[in-house]
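Below is one structure; the comments refer to it alone.
What follows is calculated from the coordinates using simple rules that are stated; it is not laboratory data. Note that the structure is predicted; figures quoted are calculated from it, not measured.
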Amino acid sequence: MARRKAWATLGLVILAGGTACKRDRGGGDLHAQLAAKQREVDGLRAALARLDGGEPILPEDAVIVSVSQSVVSQVLNVQLPLEEKAGSLKVTLTRGEAFFNGSPAVTLTGRIAPSAEPGLAGEIVVFGALEGIKIDPASGTLRANIAVDHVDLLEMAGLEKIIGGGSLDDLGQLVRKQIQGGLPEVEVPVRIERSIDLPAVTDGPVRIDGARMPLEVTVADLFAADGSLSVALRVTPGEFAKTAAATEPKGAAVPERAGNPR
């Protein structure tokens, strides 16, 4: 019954996502503008296929951590504003927002203007998604890149008259290529411990050496729905290694053996 309910819920979300895809914000190529929404539909269909085949959405032997879209939106905005060059134009991204509904989608909004005439500014919307989610070996935090699917140019305020050759769609493609490599990594606010440390016990009648068990943690899968991003982590324990000896406390008396003469 639970699987049937989840199947029906995901089906409704797909229908809702398909309806939302039909909006046209920039008047450009429809297929390009729907790339971000297509990610969502593909993600939900993949989840449906697993449920239909009797499989869990995420691996059952994995550790699941979840983060909300509102938290990731805050993380995005901490890294803004961001300025990038696109030919003779300057792109300034000032606001970011995450949408976790089938895929880890993000949008970045801001302004675009000629470097020589900043007064002729238009609005820019960057559609993309988090991808390549991995664990940073130094900090143990989850990090992700932003893949740019499409760029919309809106309310150009006369800027299109001085572009010279091509269309707004052509300019959008140019901007997409230029800013793709300049977007910073997103740090998902989840910290993963890379080892289990057992301190040495040096007081009392029982003394234990300190030890450390390393943990190999990798991202196995992820699922975005209902405003949350769930990341499945596969944890493989290593061998315990001694880190500190349980030494005798200074000044400790040596116990006398039975039968020794005084």
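For segment 195-244, the relative contact order comes to 37 percent (Cα pairs under 8 Å, sequence separation of at least 6). Hey, which of these cross-link pairs are over 25 Å Cα-Cα: LYS134/LYS177; LYS37/LYS177; LYS37/LYS134; LYS134/LYS242? Violating the 25 Å limit, Cα to Cα: LYS134/LYS242. From the phi angles alone, apply the Karplus equation (6.51, -1.76, 1.60; θ = phi - 60°) to segment 50-65 and give each ³J(HN,Hα) in whole Hz, x where the residue is Gly or Pro. Computed from phi, the couplings for segment 50-65 are 5, 5, 5, x, x, 9, x, 5, 10, x, 6, 8, 9, 8, 9, 10 Hz.
In percent, rounded to a whole number, the relative contact order of segment 36-108 is 34, using alpha-carbon pairs under 8 Å and six or more apart. Backbone phi angles across segment 204-214, fed through the Karplus curve with coefficients 6.51, -1.76 and 1.60 (θ = phi - 60°), yield HN-Hα couplings of x, x, 10, 10, 10, 5, x, 8, 9, 10, x Hz in residue order; Gly and Pro are listed as x.
Sequentially through segment 111-120, phi angles give Karplus couplings (6.51, -1.76, 1.60; θ = phi - 60°) of 9, 9, 8, x, 4, 7, 9, x, x, 8 Hz, Gly and Pro residues having no value and appearing as x.
Normalised by 2.2 N^0.38 Å, where N is the number of residues, the C-alpha radius of gyration of segment 90-218 stands at 1.69.
Over the C-alpha atoms of segment 195-244, the Rg to Rh ratio, Rh being the Kirkwood estimate, stands at 1.30.
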